[in-house]
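The block underneath contains the structure these notes are about, expressed in structure tokens.
The values are calculated or read from the model by the stated rules, or taken from the named source; none is laboratory data. Keep in mind the model is a prediction, meaning the values are calculated, not measured. Positions of Cβ are backbone-derived with ideal geometry, glycine not excepted, and every protein chain shown enters the neighbour counts.
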Amino acid sequence: MNQDVDGFAGAYLDQEDQLTILTTVTDPPGDPTARARHALARIAPGRPDVRELLSYPVRLETVAYSYDQLWSWRADIEERLLHRGIAHTVGLRYANNRITVAFDDQESLGTGLQALAALGVPEDAVELRVEPRMAQMSLHLDSTFATMHAAMVVFQRYDPDPPNIGPCTSGFTGVVGDSLVWLTGDHCSDAYPSSTLGTLFGQTVHHGNIPYAGYTVARAAISGCGSTECRDADALLNYADSVGSPLTAIEPARIARTTWMNSSGGAGSLVVDPTNPSFSVVQEATAAPLQGTFVQKVTRKTGWDNGRVSDNCRTSTPSASPFVYLCQVEVAGSPGMYGQPGDSGGPVFANLGLGEARAVGIVVAATDPGWDVIFSPMHQVRGALGTDAVFTTDELVLRVSIDGPVLIQDSDTYQWEAVATGGEGSYTYQWRVFRHGSGHPYSGVWETLGTGVIQQLWVDDAGGDFTLEVTADDGVTDRTETLFVTNSVACDPEEIICE
């Protein structure tokens, strides 16, 4: 989108779920909202979260500073302030068109102001705050929360005497080969911040009864950045004990579902819904969610709640931690997502409806006194652990893809095929097309096409690039997939994108 929209300065979902595109150009040429959709459509086939944005209404907002400029200043600020211990948090909130910088006290803020002046960063491009650091949340033992799916109580040590290290929540459960694995936070180990490999974990709902839950086999990588040590995630991968572990009876790729969700701020239900006891994890996010996106969590201390993403690349050093955590995701609270000690490691997900979820990340920390939950995004968790574990369900859920050309260079009739699998095994289809250019009677709107497994379409120079969409229905549920097709018929023979 940075390449498609002149003066691009970011994007976010507002309180009315409008996709807001920010630009520094007061009167951008062409139709910038159409160009934004064009950019989204190109990457939508590989990004279910982006594909969902194509259905949102779009508005344009003019701001002062571009995406490239803000990120350039942000990189300088991280190097000068964060990695030298002057500031503890640097973020970027597109809705405010500002970089956020947080300090421990007024003295460090004053030092930061001098550094910012030396860097040449305008005062109105930054928001400076004195606030407590985010706190990693492995404290206190709550004996009321029952063992369940991917929100089980995890005790940091198998040794129950003395139980002076509090529990966390397990994140997503999955498989490596035939072995069951589960995620939680690295700081949940009693060995943290030293090497936590081999940590023995127990599972408990009360003191003195801690069945063996497994052991750590992978720890999120640590790298040097300036004079500090940095990490992309606060995460551990743990094997469940193959004999006698309570986890062996728990299905992988499930998130506990409690009886009600708190969407107005504060803790949600801790009681598992006997009728609908879990969500099935059918997707895993491959990038951080857009600012303004709603996400949910289920954790052992504050239960089921939700909130909007307020910063999708917050870099900070938690209290009592030697590490700088890079590009973590912040979810706004008050009202919104709520976090308390014991929630660390728990699953953060997008609710897709019909009892299905997309794995988005695992809880790391919260700002004092519990508002603004911080989580490590799933793609960084996986990369930092270097794991090929499967955290999505292996059930035969309905899936559909589109097979056919993605580049058209000559006027002709072309065809695409819907490839559906899983579900009930018998499918009906509905095709649509959206033309991103001009010159076609249906330019800029969705045109309904056929209902067969094969869709043919005449393509010439009218309408420009287009997005094909197919919805497969098995009589119980439906799935939609899109395919962006580059139309180069009007281009010079050497060009793919017409200039």
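Structure summary
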read-out: Search result, residues across region 450-466 that are free of Cβ contacts under 8 Å to residues at least 60 places away in the same chain, under 19 Å from VAL489 (Cβ atoms) and surrounded by 15 or more Cβ atoms within 10 Å (Cβ to Cβ); value: GLN455, LEU457, VAL459, ASP461, ALA462, GLY463, GLY464, PHE466
read-out: ALA87 vs. criteria modelled with pLDDT under 90 and small (Gly, Ala, Ser); value: no
read-out: Out of ALA366, ALA359, ALA350, sole residue that is in contact with a strand residue (DSSP E or B) (Cβ under 7 Å, 6 or more places away or on another chain) and surrounded by fewer than 24 Cβ atoms within 10 Å (Cβ to Cβ); value: ALA350
read-out: Residue in region 420-434 that is without any contact (Cβ under 8 Å) to a residue 12 or more places away in the chain and farther than 30 Å from GLY292 by Cβ present; value: no
read-out: Flag for SER443 being over 30 Å from ASP178 (Cα atoms) and among the hydroxyl-bearing types (Ser, Thr, Tyr); value: yes
read-out: Segments classed as strands (runs of 3 or more DSSP E), wholly inside region 7-89, with at least 3 members that are touching a Cys at 6+ places or on another chain (Cβ under 7 Å) and more than 30 Å from GLU284 (Cβ to Cβ); value: none
read-out: Residue match in region 225-242 (condition: outside any strand (DSSP E or B), in contact with a His (Cβ under 6 Å, 6 or more places away or on another chain) and modelled with pLDDT under 85); value: yes
read-out: Filter result for ASP388 (of a type in the set (D, E, K, R), within 30 Å of SER179 (Cα to Cα) and either touching a Cys at 6+ places or on another chain (Cβ under 8 Å) or surrounded by fewer than 18 Cβ atoms within 10 Å (Cβ to Cβ) (or both)); value: yes
read-out: Total residues in region 162-219, condition of a type in the set (Phe, Trp, Tyr), surrounded by fewer than 21 Cβ atoms within 10 Å (Cβ to Cβ) and at pLDDT 75 or above; value: 1
read-out: Failed item, numbered, when ASP394 is tested on (1) among the acidic types (Asp, Glu); (2) out of contact with any Leu (no Cβ under 9 Å at 6 or more places or on another chain); (3) modelled with pLDDT of 90 or more; value: (3)
read-out: Contacts under 9 angstrom Cβ, first residue in region 306-319 being more than 13 Å from ALA95 (Cα to Cα), partner of a type in the set (Lys, Arg) and at pLDDT 90 or above, 6 or more apart; value: ASN306/LYS297; GLY307/LYS297; CYS313/ARG74; THR315/ARG74
read-out: Entirely in region 430-496, the strands (runs of 3 or more DSSP E) that have 1 or more residues that are over 20 Å from ALA44 (Cβ atoms) and assigned by TED's automatic domain parsing to the domain that holds ARG42; value: none
read-out: Pair list, Cβ under 6 Å, 6 or more apart: region 480-491 residue modelled with pLDDT of 85 or more, other residue aromatic (Phe, Trp, Tyr) and surrounded by 19 or more Cβ atoms within 10 Å (Cβ to Cβ); value: VAL485/PHE466
read-out: Counted residues, region 34-68 - those being among the polar types (S, T, N, Q) and modelled with pLDDT under 75; value: 1
